[in-house]
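Notes follow the structure.
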Amino acid sequence: MIGGAGRWRALMLCAACVALPDAGRSFEPELPVGARQTVARDSQLDSFDAPTGRFANGVLPAIAVEGAITRQAWRIGTAGLTPLQVIVPLREQIEAAGYEVVFECAAASCGGFDFRFATEVLPGPNMYVNLARFRYLTALDGPRDAPRRAIGVLVSVTSSSAYAQIITADTGRAADVLVPEVAPPDPLPEPVQTGGAQLHEMTSEGLLARGFTVLGDLIFETGSTDLGPGSYASLQQLAEILTERPDLRIALVGHTDTVGGLEPNIAVSRARARSVRQRLISEYGIAAARLDAEGMGYLAPVASNLTEEGRRANRRVEAVVLEAEQR
């Protein structure tokens with residue numbers, strides 16, 4: 001047994017343990033007493049792209065599995081766990097159920113930020129991913145080129161809790177529709193007009209509930225990656241939240257439209273994110289260690305790139321929550 005996992009195994013004493021699944025049932029994981037399921041979504045016919053390698057050169061290798069898809073996530077209110085301590089018992093259950101683990105990685109070896117945003121992740125607050133502390137595994141049942149079943153497990157930890165997401169795909173099973181009783185997050189405030197751009201009035205509660213926000217009023221000089229001069233309401237609001245919540249870390253993520261090649265667009269988007277990061281540091285006094293800056297190029301559009309309006313929407317910088325203590 002891997003060192004440190006014994007502590008996690010002690011937590012695996014379930015109030016009511018379930019039997020391991022056979023070929024006709026979906027995988028039902030055993031989780032420790034105190035684990036709270038945050039979401040469960042079943043689709044009778046859907047598809048899941050199960051990663052089979054690390055993100056590299058702008059690509060995440062994956063195998064598409066069509067069938068009954070079950071998506072679940074849990075929050076485990078135990079402090080001090082490592083991603084390995086969370087995933088090892090789940091891996092053992094999966095292998096005992098007849099699956100073969102075909103890919104497993106930790107944050108850096110997965111591809112880090114790019115892997116997180118290229119694979120399927122349930123939205124916050126139901127699932128939270130600390131970009132520096134997560135692990136992933138894909139397991140298959142059947143031939144690798146045409147598996148009967150697939151499982152994708154993503155786990156992540158903060159200083160106060162752990163999160164686990166399990167997505168299962170079964171080509172031969174019709175899933176029962178499950179609607180969990182999960183309280184929805186508080187509704188977001190209505191958008192307000194600021195400086196000619198439509199923005200959400202940003203609050204710490206809204207930012208944590210969504211997990212990210214678009215800094216919609218930023219202006220970059222034509223042909224430049226430098227943030228234009230002037231005061232931006234979105235940065236003012238974000239700086240106020242970061243001052244109010246000293247435990248909060250964020251990543252500034254640049255995005256582009258599809259004009260030009262991928263690598264140049266990633267470089268431009270990253271440079272613009274770094275320009276925003278520098279403004280928060282120099283003008284608002286936010287500590288550099290609390291701000292990451294990354295670029296996705298055109299890999300994460302929010303609108304069609306076939307219209308000017310859509311391309312304009314895709315050229316943006318987002319603030320993504322990396323870590324925040326539970327309160």
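Residue count for the range 280-298, restricted to those that are in contact with a helix residue (DSSP H, G or I) (Cβ under 7 Å, 6 or more places away or on another chain) and either surrounded by 19 or more Cβ atoms within 10 Å (Cβ to Cβ) or without any contact (Cβ under 8 Å) to a residue 40 or more places away in the chain (or both): 11.
Each row is one residue, and each column tells you yes or no for (1) assigned by TED's automatic domain parsing to the domain that holds GLY111; (2) charged (D, E, K, R); (3) over 15 Å from THR138 (Cα atoms).
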position: ASP46; (1), (2), (3): yes, yes, yes
position: ASP49; (1), (2), (3): yes, yes, no
position: ARG54; (1), (2), (3): yes, yes, no
position: ASN57; (1), (2), (3): yes, no, yes
position: PRO61; (1), (2), (3): yes, no, no
position: ALA64; (1), (2), (3): yes, no, no
position: ALA68; (1), (2), (3): yes, no, yes
position: GLY77; (1), (2), (3): yes, no, yes
position: LEU81; (1), (2), (3): yes, no, yes
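Taking the criterion of being part of a strand (DSSP E or B) and out of contact with any Leu (no Cβ under 7 Å at 6 or more places or on another chain), the residues of the range 77-113 that qualify are CYS105, ALA106. Looking only at residues in the range 95-109 that are of a type in the set (A, V, I, L, M, F, W, C), modelled with pLDDT under 95 and surrounded by 14 or more Cβ atoms within 10 Å (Cβ to Cβ), which one is nearest to PHE27 (Cα to Cα)? So the residue we want is ALA97.
Out of the range 231-279, which residues are touching a residue at least 60 places away in the same chain (Cβ under 8 Å) and in contact with a strand residue (DSSP E or B) (Cβ under 8 Å, 6 or more places away or on another chain)? Of everything in the range 231-279, those that are touching a residue at least 60 places away in the same chain (Cβ under 8 Å) and in contact with a strand residue (DSSP E or B) (Cβ under 8 Å, 6 or more places away or on another chain) turn out to be LEU238, ASP247, LEU248, ARG249, ILE250, ALA251, LEU252, VAL253, GLY254, HIS255, ILE266, VAL276.
Every condition in (1) aliphatic (A, V, I, L, M); (2) buried (at least 18 other Cβ atoms within 10 Å of the Cβ); (3) farther than 22 Å from SER161 by Cα holds for ILE87 except the one numbered (3). Looking across the range 212-227 at every residue that is of a type in the set (Gly, Ala, Ser) and at pLDDT below 85, the one that is surrounded by the fewest Cβ atoms within 10 Å (Cβ to Cβ) is identified as GLY223. Within the range 228-239, can you find the residues that are crowded, with 18+ Cβ neighbours inside 10 Å and among the polar types (S, T, N, Q)? SER234, GLN237 - these are the residues of the range 228-239 that are crowded, with 18+ Cβ neighbours inside 10 Å and among the polar types (S, T, N, Q). Identification of helices (runs of 4 or more DSSP H) wholly contained in the range 225-327 with 1 or more residues that are within 22 Å of GLU205 (Cβ to Cβ) yields 233-244, 262-284.
Does GLN198 satisfy the condition of being over 16 Å from ASN126 (Cα atoms), at pLDDT below 50 and either not in a loop (DSSP other than H, G, I, E, B) or not assigned by TED's automatic domain parsing to the domain that holds ARG279 (or both)? Reasoning before the result, please.
Numbers: over 16 Å from ASN126 (Cα atoms): yes; at pLDDT below 50: yes; either not in a loop (DSSP other than H, G, I, E, B) or not assigned by TED's automatic domain parsing to the domain that holds ARG279 (or both): yes.
Considered against the rule, which asks whether it is over 16 Å from ASN126 (Cα atoms), at pLDDT below 50 and either not in a loop (DSSP other than H, G, I, E, B) or not assigned by TED's automatic domain parsing to the domain that holds ARG279 (or both), GLN198 comes out as yes.
With respect to THR119, determine if the residue is crowded, with 19+ Cβ neighbours inside 10 Å and either touching an Asp or Glu at 6+ places or on another chain (Cβ under 6 Å) or of a type in the set (S, T, N, Q) (or both). Here the answer is yes, as THR119 does meet what is asked. Looking only at the range 114-131, which residues are in contact with a Gly (Cβ under 8 Å, 6 or more places away or on another chain), of a type outside the set (S, T, N, Q) and part of a loop (DSSP other than H, G, I, E, B)? Scanning the range 114-131 gives GLU120, PRO123, GLY124, PRO125, TYR128, LEU131.
Is there a residue being more than 24 Å from LEU299 (Cα to Cα) and hydrophobic (A, V, I, L, M, F, W, C) anywhere in the range 243-255? Looking for residues that are more than 24 Å from LEU299 (Cα to Cα) and hydrophobic (A, V, I, L, M, F, W, C), one finds at least one in the range 243-255, hence yes. Scanning the range 55-77 for residues that are touching a residue at least 24 places away in the same chain (Cβ under 8 Å), out of contact with any Lys or Arg (no Cβ under 8 Å at 6 or more places or on another chain) and surrounded by fewer than 18 Cβ atoms within 10 Å (Cβ to Cβ) yields ALA56, GLY58, GLU66.
The values are calculated or read from the model by the stated rules, or taken from the named source; none is laboratory data. Model, not experiment: these values are computed from the prediction. A quick note on method: Cβ atoms are made from the backbone with ideal geometry, for glycine too, and the neighbour counts reach across all protein chains shown.
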